[in-house]
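Everything below concerns the one structure shown next.
The values are calculated or read from the model by the stated rules, or taken from the named source; none is laboratory data. Model, not experiment: these values are computed from the prediction. Using ideal geometry, Cβ is built from the backbone for each residue, glycine included, and neighbour counts are taken over all protein chains shown. Ligands, DNA and RNA are stripped out before the accessible areas are found, and what is left, the full protein with its side chains, is counted by its heavy atoms. Shrake-Rupley method; radii C 1.70, N 1.55, O 1.52, S 1.80 Å.
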Amino acid sequence: MKQSKMKMTRENIFKAAFLETRLHQKDAIKSVLRFENYEKQYKITSKALEKIFEVVQAGKIIVENSDYIPGSDLPSNETVAAALGQIVDNTAMFGDFQLKLPDITDRIMKNHPEWLVLIKWAIGFSNSTGIFDPKTTEMIDLLCQEMNLIERRENFINPYRKYEEQVPKQSSSFQPKPKKVNIKKGPRMSKPRHMEL
């Protein structure tokens with residue numbers, strides 16, 4: 001029998017496990033989004049973020065006290081490898097919350113400034129490992145734009161965010177009827193009539 005199947009490397013197994021975890025994470029976010037009650041969403045998100053940052057902080061201590069260099073071969077030490085996996089998993093999970101529940105996540109993050117420092121580290125570390133698949137890499141790029149960690153592209157918009165100051169563009173089919181206007185002397189500023197409705 002020919003050995004046509006490629007032997008799974010440790011890195012491939014690690015990446016496959018990451019993708020499996022992502023499927024569960026996406027299902028979890030979908031279940032939170034299904035709740036219409038804001039306070040319930042807030043409570044679930046708050047607990048989830050607490051756990052995410054607890055795990056990332058613990059993983060950070062382990063990898064920083066090891067000889068692992070992000071981007072190099074996976075650590076042979078199982079404890080360090082597990083910590084590495086937990087960091088990349090939870091960084092991606094945070095990205096889901098920040099992008100899909102941005103208003104709630106922002107509200108929670110404002111009460112934990114130390115979390116912002118930690119997630120900046122986690123994003124940089126995770127990106128350097130080479131574990132993220134293309135879809136997650138794209139999501140992390142959107143996350144960085146959302147958090148203003150990098151310059152936002154002109155076409156960037158988070159469809160899940162409520163933009164309070166967003167002004168809808170006037171429809172080209174709407175044209176105010178021309179009216180005779182008596183212009184008074186002297187400089188004056190006034191709103192167009194269709195804006196006063």
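Summary of values
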item: Selection of GluC sites (Glu not before Pro), segment 96-161, meeting DSSP coil and at most 10 other Cβ within 10 Å; result: E151, E154
item: For segment 17-63: Kirkwood Rh in Å [reciprocal of mean 1/r, alpha carbons]; result: 12.1 Å
item: For segment 10-166, diffusion coefficient by Stokes-Einstein and Kirkwood Rh (Cα), 37 °C, 0.692 mPa s, µm²/s; result: 202 µm²/s
item: For segment 59-144, accessible area per residue (1.4 Å probe, heavy atoms of protein chains only), Å²; result: 46 Å²
item: Residue-by-residue Karplus 3J(HN,Hα) for segment 38-47, coefficients 6.51, -1.76, 1.60, Hz, glycine and proline x; result: 4, 5, 5, 4, 4, 4, 5, 5, 4, 5
item: Surface share of carbon and sulfur [accessible, 1.4 angstrom probe, percent] for segment 31-74; result: 51 percent
item: Debye, to nearest 20: dipole size of segment 10-166, +1 on Lys, Arg Cβ, -1 on Asp, Glu Cβ; result: 440 debye
item: Cleavage-rule hits (trypsin sites (Lys or Arg not before Pro)) in segment 1-107: DSSP loop, at most 10 neighbouring Cβ within 10 angstrom; result: K2, K5, K7
